[in-house]
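Some notes on the structure that comes next.
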Amino acid sequence: MTRQAAQAVAAAALLMAAAARADGADPDPALRAFAKPAPAVARVGPPDPIAWERQQRTPDRMGPAPLRPQDRALLAALREARWTDALAMVKAGAAVNARDERASHPLALAAAAGRDELVRELRQRGAAPDRVGEDGFTALGAAAWRGQRSTVRLLLRSGASAAAWGHNGHTPLHLAALAGHADIVDDLLRSGISIELLNRARESALDVAATAAQDAVMDRLIQGGADMTMAGRR
């Protein structure tokens with residue numbers, strides 16, 4: 001092999017190693033069960049009122065579904081924070097998309113509590129990623145609101161939408177901004193959504209962060225290119 005060919009091979013190896021580090025160096029073992037997600041669609045505008053109402057009324061977003069005794073037992077275990085019992089029930093075949101009269105379902109309850117092992121098991125068994133729970137949030141929205149960063153990253157990697165509206169019209173990005181979780185705002189933006197994404201009230205993440213006096217989030221959004229001149233004019 002010539003010297004030039006050897007240099008070319010070495011350069012290619014370095015590029016491949018760098019790519020592997022960028023894609024697979026995530027230290028969170030919960031993410032290794034899922035492929036890296038495709039970039040999200042960078043939607044900006046608020047939901048069309050008719051489309052938004054229709055979305056809230058799809059079978060995947062509403063409930064309750066018919067529940068078997070083992071499904072009610074799973075939801076009870078989740079509400080009572082009996083995480084080991086809940087995980088065993090999921091592995092034993094309880095319905096991962098069970099939904100009761102209060103609109104509770106396993107993924108939202110597990111995500112809100114930051115129970116990554118349970119969230120991973122539910123998603124691997126087909127739990128719907130963007131279903132709204134009894135608090136009006138999607139599972140990703142609930143995790144973002146409560147500062148469950150590893151759960152946010154796991155849900156993003158497993159296909160949850162960072163741009164999905166909850167019943168209150170907020171997206172996970174808006175909820176993270178309201179709660180002051182700047183690191184989670186970064187994670188959500190890296191999924192590919194627009195920094196100017198609007199909620200149902202036509203507010204951006206910067207707007208809601210300013211309303212809530214979340215200075216660290218405001219600084220992060222402004223550094224990321226959020227438009228400060230459009231507040232109240234969208």
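Please treat every number below as a calculation from the coordinates, not as lab data. None of these values were measured; they are calculated from a predicted model. Virtual Cβ from ideal backbone geometry, glycine too; neighbours counted across all protein chains shown.
Structural descriptor for region 42-230: relative contact order 19 percent, calculated from alpha carbon pairs under 8 angstrom and at least 6 residues apart. Its Cα gyration tensor gives region 42-230 an equivalent ellipsoid, and the semi-axes of that ellipsoid, as √(5λ) in whole Å with the largest first, are 30, 17, 12.
Ordering of 214-225, 98-109, 168-179 by packing is 168-179, 98-109, 214-225, highest average first (other Cβ atoms within 10 Å, averaged per residue).
Across region 147-155, rounded Karplus estimates of 3J(HN,Hα) from the backbone phi angles (6.51 cos²θ - 1.76 cosθ + 1.60, θ = phi - 60°) give x, 8, 5, 5, 5, 4, 5, 5, 5 Hz, Gly and Pro being marked x.
Once the chain from ALA76 to ALA201 is taken as fully extended at 0.36 nm per residue, the excess over their C-alpha distance is 41.5 nm.
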